[in-house]
Structure formats: structure tokens, C-alpha cells
Amino acid sequence: MADTAIALAGAAGAVSRAKEVRRLERVVIRFAGDSGDGMQLTGDRFTSETAAFGNDLSTLPNFPAEIRAPAGTLPGVSSFQLHFADHDILTPGDAPDVLVAMNPAALKANIGDLPRGAQIIVNTDEFTKRAMAKVGYAASPLEDGSLEAYRVHPVPLTTLTIEALKDSGLARRDAERAKNMFALGLLSWMYHRPTESTESFLRGKFAKKPQVAEANVAAFRAGWNFGETTEDFAVSYQVAPASKAFPPGTYRNISGNLALSYGLIAASRQADLPLYLGSYPITPASDILHELSRHKNFGVRTFQAEDEIAGIGAAL
């Protein structure tokens, strides 16, 4: 996929060194972890950075069951896949070039989709005997040679995040939750993504908890700095904006739920019939209720029921 390479001067403390930058036409990245690891948020922020940079992109969020499976098990794995390129693309991709695996379950659930030579960034802190036993690993896949076909980057994400936030005032458990932002910072460095919008987003999202906001920003920056200074990541990558396919202008980032909501409104207007939604909010369909509730000016009525059956009954 790499067609050219250039040298980039970097710095680690007072020691300067050169890191190679390879130019790619397209990349498929998949973030995977437990449903509580924030993979959807991580993928969404990487997507926003990528859109702001000017790449064409397509995403595929993969949600686990709403009745959450036990932590660390295969049914509980949540993932977010992003395909971005310097040209027009139409799908979220088939085989990820990069897998970010937050635990053994995430690795095992997704390893079958990776092509030979793909990169795997794995959170080594989660590869305990108990966690591996939950998904059927008799021995650590990081040590038994089963991953020789891939380029594996073992990174103690949890430990590094806690160390970065040791002066934040947060309890250890709360600090651990920011490891997804550390991973996002690392991937942002790897692919030269903008960072300002993510930092602004985090401060806005946690505006009522400024300590948490700054901790997440600190973890995000620590991940970026780790990529810049560690020897394990000797190469970063550039994917140029899709300027030929998309000339300068105003574009909308649209999801399937948003497109469906607009389609329902358009159908209602075209048929000259009122639109009514009886709904029970549940991920990932909640966005449809949220969006339609904003369009009372088009005669849309929404009703949040106490369960799915009540929502169907109200619609009928």
C-alpha cells in the first residue's frame, strides 16, 4: 500500500532522531475491546479527525448485545472499523490493516479478519491467565508464535495511561478508563490526524467534570507522545486528503440512523401523511428517536415508551 516514503525529524527529550513517514492511498483500522472500553467513542473521534483532515471515509460500528455479556468474553466485544483514503471509497473495508485489541477477547474475535502482514496494537496489561482462559487461550498468543504472520506492537496501554495520569488526582480505576484516549492519541500520531478538535471535544463532553476532561486530554497527548518517542513505532503514515474526489466545500458526515431519519421525514412529506414514532431508546437505534424528536416543524411526533412492546402498541 505504501508508494513513497520520506524522513521526518522527531525528538525524544533532548535526543533527536529520524522517523520514517510512509505515504498510503488508503487504510482500514479496527478498534476492538469490551463494550465498556469506549471503542465507539474512540472510533468516532478518529473519524471526526479524519473528516476534518479531508479524507474520504466510511465506517462500520459493531455493537454487542444490549444485555451486556460478562467482561472479557467474546460476545461482549465491541468494535469500530474505519476505512479512509485519498480517493473516493464506497465501503468500510473488508480486511483491517490495523487492529487495536484492548484485551484477549478483542484479539480472538477479530484475528480471523486480518490479512497477513497486518499490524496489531495490543494492550498487554489485559493478557492475564484468567483473561486468556475466558476466551480459550491455553497460552499467550503474544508468546507462542501464533501471531508471526502479523506485525505485533505490544503496548501496556493501561499501565502507561495510569502513569500519565498519576498527578491527575483521579483514582486508579477512573484513570484506567482513559486508556482508550491513550490509544486514540497513538493512532492519531501514526496517521498524522489533527488533534485540536478531539481535545476541544473532550473538554466540552466533560465540561461539568473538568478534572476528568483534563485527564482524558492528558491521556490523549501521552498516547501521541508515546508514538513519537518509542522505538517500537519507527514508522508513521500519511494518507493525503481526497482533494480530487471532493473539491473544497461544505460536506455532511452522515450515519445510517441519520439517513433513515431523514428518509422517514422525506417520505412523510412526499406522502402528505403525519409521521409518528413509538420508540424505546436502545443502542444503536436511539439516534433515530433523538433525531426525529428535533423535527416537530415537519409534523413529526415522537413517543418514548417504557419498553419495545409499548412503543409498538403506541404506534399501532
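Miscellaneous remarks
- Per residue, the accessible area of segment 209-295 comes to 58 Å², computed with a 1.4 Å probe over protein heavy atoms only.
- Peptide ranges 292-298, 104-110, 268-274, 154-160 listed from the most packed, as the mean C-beta count within 10 angstrom indicates: 104-110, 154-160, 292-298, 268-274
- In range of the label at ASP307: residues from segment 52-89 whose backbone nitrogen is under 15 Å from the point 7 Å along Cα→Cβ: 67
- Computed from the Cβ-Cβ distance with R0 of 45 Å, the FRET efficiency linking ASP272 to THR91 stands at 0.80.
- Angle in degrees between helix 39-53 and the longest Cα principal axis of the chain, rounded to the nearest 10: 90 degrees
- Straight-line reach from LYS179: taking Cα to Cα under 22 Å and skipping same-chain neighbours fewer than 8 places apart, the lysines in range are LYS108, LYS129, LYS134, LYS166, LYS205, LYS208, LYS209.
- Near-label residues of segment 238-273 by backbone N, under 20 Å of a point 7 Å along Cα→Cβ of HIS290: 252-265
- Most mobile listed residue (GLY249, GLY278, GLY169) in the chain, GNM with C-alpha springs under 10 Å: GLY249
- Against the chain, whose longest principal axis comes from its Cα atoms, helix 196-205 is set at around 60 degrees.
- For segment 93-104, putting each phi into the Karplus relation 6.51 cos²θ - 1.76 cosθ + 1.60 with θ = phi - 60° gives couplings of x, 9, 10, x, 7, 9, 10, 9, 10, 7, 7, x Hz, in residue order, rounded to whole numbers and with x for Gly and Pro.
- Solvent-accessible heavy-atom area per residue, rounded to whole Å², over segment 46-88 at 1.4 Å: 44 Å²
- Dipole of segment 125-229, positive direction: furthest Cα of PRO156, GLY204, SER146, with charges on the beta-carbon: GLY204
- Whole-percent carbon and sulfur share, accessible surface of the chain, 1.4 Å: 54 percent
- For the chain, the longest principal axis of the C-alpha atoms and the axis of helix 210-229 are separated by about 40°.
- Whole-angstrom gap from segment 278-302 to segment 151-215, using each part's C-alpha centre: 32 Å
The values are calculated or read from the model by the stated rules, or taken from the named source; none is laboratory data. In this text, all values refer to a predicted model and were calculated from it rather than measured experimentally. Positions of Cβ are generated from backbone atoms using ideal geometry, with glycine treated the same way; all protein chains shown enter the neighbour counts. Heads up: the accessible areas ignore ligands, DNA and RNA and are worked out on the full protein's heavy atoms, side chains in. Shrake-Rupley method; radii C 1.70, N 1.55, O 1.52, S 1.80 Å.
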